[in-house]
Structures are given as structure tokens and as C-alpha cells.
1. Would you mind working out the accessible area per residue for chain A, using a 1.4 Å probe, and quoting it in Å²?
2. Mind giving me the nanometre distance, one decimal, between the label points for A:VAL203 and A:ILE253, set 7 Å out from Cα along Cα→Cβ?
3. What value, in deg cm²/dmol to 500, does the helix sum -39500 (n - 2.57) over DSSP H runs of n ≥ 4 give at 222 nm once divided by the residues of chain A?
4. Share of the stretch B:16-107's accessible area from carbon and sulfur, percent, 1.4 Å?
5. Please give the per residue accessible area of the stretch B:16-107, computed with a probe of 1.4 Å over protein heavy atoms only, in Å².
6. Rounded to the nearest 100 Å², what is the sum over both chains of accessible area buried where B meets A, with a probe of 1.4 Å?
7. Would you work out the relative contact order for the stretch A:178-262, in percent, from Cα pairs under 8 angstrom that are 6 or more residues apart?
8. Please identify the DSSP H helices in chain A that span no less than 27 Å along the helix axis (Cα) and have a mean Kyte-Doolittle hydropathy of 1.0 or more.
Amino acid sequence: MSATLLHAAAASSAPGNPWLNIGIFGAFVAVTLVIVFRASRNNKTASDYYAAGRSFTGGQNGSAIAGDYLSAASFLGIVGAIAMTGYDGFLYSIGFLVAWLVALLLVAELLRNTGKFTMADVLSFRLQQVPVRIAAAITTLVVCFFYLLAQMAGAGGLVSLLLGISDTLGQSLVITVVGALMILYVLIGGMKGTTWVQIIKAVLLIAGAGVMTVWVLAVNGFDFSRLLDSAVAASGGNAAILEPGLKYGVSDISKIDFISLGLALVLGTAALPHVLMRFYTVPTANEARKSVVWAIWLIGIFYVFTLVLGYGAAALVGPEAIAAAPGGPNSAAPLLAFALGGPFLLGLISAIAFATILAVVAGLTITAAASFAHDIYASVVKKGKPDAGAEVKVARRTVVVIGIIAILGGIGANGQNVAFLVALAFAVAASANLPTIIYSLFWKRFNTQGALWSMYGGLISAIVLIALSPVVSGSETSMLKSESIDFAIFPLSNPGIVSIPLAFLLGWIVTLVSNKREDARKQSEMEVRSLTGIGAEPPSAH
Amino acid sequence: MGNEAPSAEATTDVDFPAVQQSAEFQQLRRKHRSFVFPVLGACLVWYLAYVLLASYAHDFMSIKVAGSFNVAMLLGLLQVVTTFAVTMWYVAYANKELDPIASDIRTKIERGEEVK
């Protein structure tokens, strides 16, 4: 395989055949649509629509969690990061994986046992319903919005890379099609349809990455060390790509920045609303536990694959060719697929990347819609007594509204540097949600005032710090793309190291300072229910 | 239906404070907490140590173990291995130590018996 030839092919234009890419993606859409239609026949009650009738097994839900969690950022992004900056990309994926232990040990089962549909169900269980529910719904919507915007903006970049569409109008059109498809899935299929899309996507993604991993190793005689050596050789003999430090080790600030990011990744995952909501789709806490076990295995194996794929892309494609390709580092995985299996494998990997965006966006949308319809409309506006069927109707309308916002946001953010939004979503989840989840499950004394201060304090501090950080202003590479506008008085790009401890402290201090005691009986009920599963929401009977 | 758990409405007459005070529930609570808190704490410290080593112990992480395979990669893969191991350990612990007590308490509540 000639590296120079590949280099030339990659530098001149997007490789592969756009029509083949579209064809394979179209087949994925057709298959999943049929499944969604078939799955949607029993979508009458809120439990069916939000929680798929609690009918999925641990294995199915675990695959769907992996499908929900392994976003385009973690597939294309991490492979690209390892190919370009070496080892530091892998640091990122380890944080994404270890985070699941928090979900497994502290959150998944207890949440399944106490809640119904949303994160706010658990947080407001023994505190004052209305203020806590509103706060939890707001943080849910904010996290979903940031995450959604990042995915949709990424879709524009993918289009130019995979379909060879470089003009803005064409890209906007594709973003609209992706958004419209997503609305269709979620509107018709509800949680059941969304889950199946995520399961199919997870299987395709992990299988595709697995085949490429074995292939890369085979090309190098199944000798990982030899692969590393050829990656170094293709990077101009730069052995530093095998060691940490190329990306995050450049200065003291960047080191602290990485620790801050690591903290947000590890503590944010178990507080992401769209991940939490998945635990309600299984019948029992035991199945929720199995879901996380499946998810941990799938996600862990996948991230080991990305290590091989990242160095494989460096070795077989070369950092220069990747940097020169449309899409930059994000093109590393598709270009590697092209180098290995030609246009067909490229088409397959491209279609999987699109399916990834679709599946993640669908999961976020149903979470946001459920939070609005269940927490704000049914519980606060209608005081827990909505008319029959009205809640699901509101949820469906919210899906359309969020879908339109996602399309417009994606078109607006296309070409903008919004890569920080995913990290920000994790930081907001870790600061605004996790302290209150942990305190309300494990700390008897915790009260409404503590919850509100912790949630709003974590949310506001994370967002204000990011607004005052170098990712928003101060340089050509920041969001405002100008050196002349500079209000970056906070030096880090990741606010977690400040906002997460702050939110934990606020929840603790405010609870102790305020004299208000909550209903002790409710606390007893929550603790007994969370650990034993008595009174947990049963699966629907059909 | 295939699930014996009663709906949320059916549990409103349960005396939760009494169950919470019972020796059996306190044992379940202790067994749960004495596993999850220390184990999770150790895992987070182990992850933090890895991140700090990657940031501040560059020379140590660059030591070659086998061919070009270095300490940094070994520690990264060890993080994956410990995550898998802790997962399986917790599942085994929960199946053996937590689930029997939890289901016993649940059965007693459903039958209207006193949890001691």
C-alpha cells in the first residue's frame, strides 16, 4: 500500500464515492424506519412513549446506552485526536469509560427504583416538588441543548467530508434532512423507536471499528509495537506521539485544563439526562445493573479499538494527509477505512458516522421532550393531573419544536468552532446534576434550599466560566474568531475543576445553614424504595 | 405481566420509617454503602493518579515496556482492565450480598409481614 499515493488522493478531494455513501446510509434509514414503524404500534401511554413500556432487556438497553454514548465526537474525534496528537487522545477515552463506574455503583439501580421517567422524578422525590422539578428540568434542557447543538454542528462538517458537499446551502440541506429524519423517528417511534435505532447503530459501529482494528493489526503482522513504530515513522519520526503531553502537556494551564476536563468527564456521565433516562426502559433494577455492565464492556472494548485505529490512521494515512483532508482530524477514521477497504468500507464507515449523529440526536430529543412534557407541563403546570393523553401529545409537539431548533442551530453553528460544547455539556451535568443526585440518594439531612443552590450554582458557574474562557473570546481559534474581542479572564477551557466542587459545597453549606427540614417520612420511603425496589414502576402489560 | 412489583399506588400504606429502622434494612444499607463508597473512591483516586502521571510524570510514562509499548499505554489499558474487573466484582457482590436481602424485604412488605 503506497502512502504517497494515498496522500495525493486524500489531499485532492474527499475520497470514495458520495453516491455509495448515501446509498449505504439510505439502506440504514430504510431498515431502521421499518423497525420504528413496527415498534410504534404500542405507543399510547406516557410509559410507552418515554420508557418503551419498560420492556427492554439489560443487554438491549446496554447496547442502546453504548449507541447513545458513543457519539460522532468519540468515534471520529478520538481516532482523529490519537492520529494527530498521539497518546493524549486516549486519555480522553479513558475518562469516558471510568465514568461508568459512578453510574454503575451509585446511580443506575437506585434511580430505576425511585423514578418514573425523568431525572427530576428522583431529585424532587422527597424535596419540594415545584421548585426542584423546575430546576432539574432547566438543567436537563440546557445539557441536552448544548449536546444537541454540538452534534448538529458536527453533521455539517461530516457532510463536506463524506458526501463531498462543500457549499453552505448543500450542507444546510443535509442538516435539515438529518433533523427531519430524527423528528420522524422520535415522533413515531418514541423511546422504543429511538432505542432500536441506537441498538442497530451500536452494533454497526462496534462491528465496523472491530473489523478495522483487526485489519490494521493484520497489516502490521499483529504486532502492536510495529504499528506504533510505523505511526512514528509516518509522523516524521516524532516519537512523542507515543507519550502523553503533545496536546495537554504544553503548559501548566493546559495540564490543569486537562485535569478539569477529566473531572467533568468522570463525574458528568452518570448525570447526563439522556443516559439516566435510558435506565427507565428496563423492567427492574437488576436489568438496569445488567444494562450498565453491557454498556461498560461495549464502550471499553470500543475505546481500545480507537487506540489501534488512531495509530493505524497515523501509520497508514499519515498526519499530514489527515490535516489536509476536508474535515481535518475528523477525517482520520474515514480515510483509514478508505486506505484499508477502499470506497466500500469508507461508505460503510461514513454511513455509520451519520447513523451515529441520528441516534444520539434522537436520544437527546426524546429526553428533552420528556422533561418538558412530564416535569414542566404535567407536574408543574397541570399540578400532576394532566388530561388523559395530553402529556404525550405535549411531548410529541415538543419533539417537533426541539427538532426545528436543532436544525436551525445546526445550520447556524455549521462551520463555527463549537467542539467545546460536548465538554461543556459534561461539565454542566457534573456540576448542576450530580451533587443533587448523590445528596438526595445518600444524605438524609439534604433539603430543598441546598438542592436549588447546588443546581443553579453549578449551572450558572459552569456557563459563566466558559463564557469568560479562551474558548469563547480572545483568539482566532475561539468562538468569536477575533483577537480584538477579549474578555477571557478565566484561563481554563474547562470549568469543571471550579464549578463541580462549588456545586457540592453549595449543596452542603446551604443545607446546613438553612433550618428547613424536609418530610422525614418521604426520606424513609425514598431510601427503602431505592435499595429494595419496592413500589418501582412496573413494565406495561402488553 | 411477569413482574410481581406492585405499582407505586399500592405502597402508600407501607410504614416506610419502620422498615427503614429495621435491622434487616439497616444491614442492606450498610452492605451497600460499605461496598460502593470505598470501591468507587479507590477507582476515582486510581483514575486521578493516572491523569496526574500523564500530566506531570512525562519521563516515567515514556519508559518503554516492550518494543515501543510504553508505561503510559500500559497504565491506560490497566484502567480499562480495572474498570472491567470492578464491574464484575460489583455484580458478583450485589448478586450474593445485596439482592437476597432486598428481595426478602420486598417480599415481606408485599405480604404485609413485619420487616425485622
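1. Per residue, chain A has an accessible area of 32 Å².
2. 4.9
3. -23000 deg cm²/dmol
4. Carbon plus sulfur share of accessible area: 71 percent.
5. 44
6. 5400
7. 9
8. The answer, listed by residue number, is A:18-39, A:129-162, A:168-219, A:285-316, A:332-370, A:390-413, A:448-467.
The values are calculated or read from the model by the stated rules, or taken from the named source; none is laboratory data. What you see is a predicted model, and the numbers here were worked out from it, not measured in a lab. With ideal geometry, Cβ positions are generated from the backbone for all residues, glycine too; neighbour counts draw on all protein chains shown. Areas reflect the complete protein model, heavy atoms only, side chains present, ligands, DNA and RNA absent. Shrake-Rupley method; radii C 1.70, N 1.55, O 1.52, S 1.80 Å.
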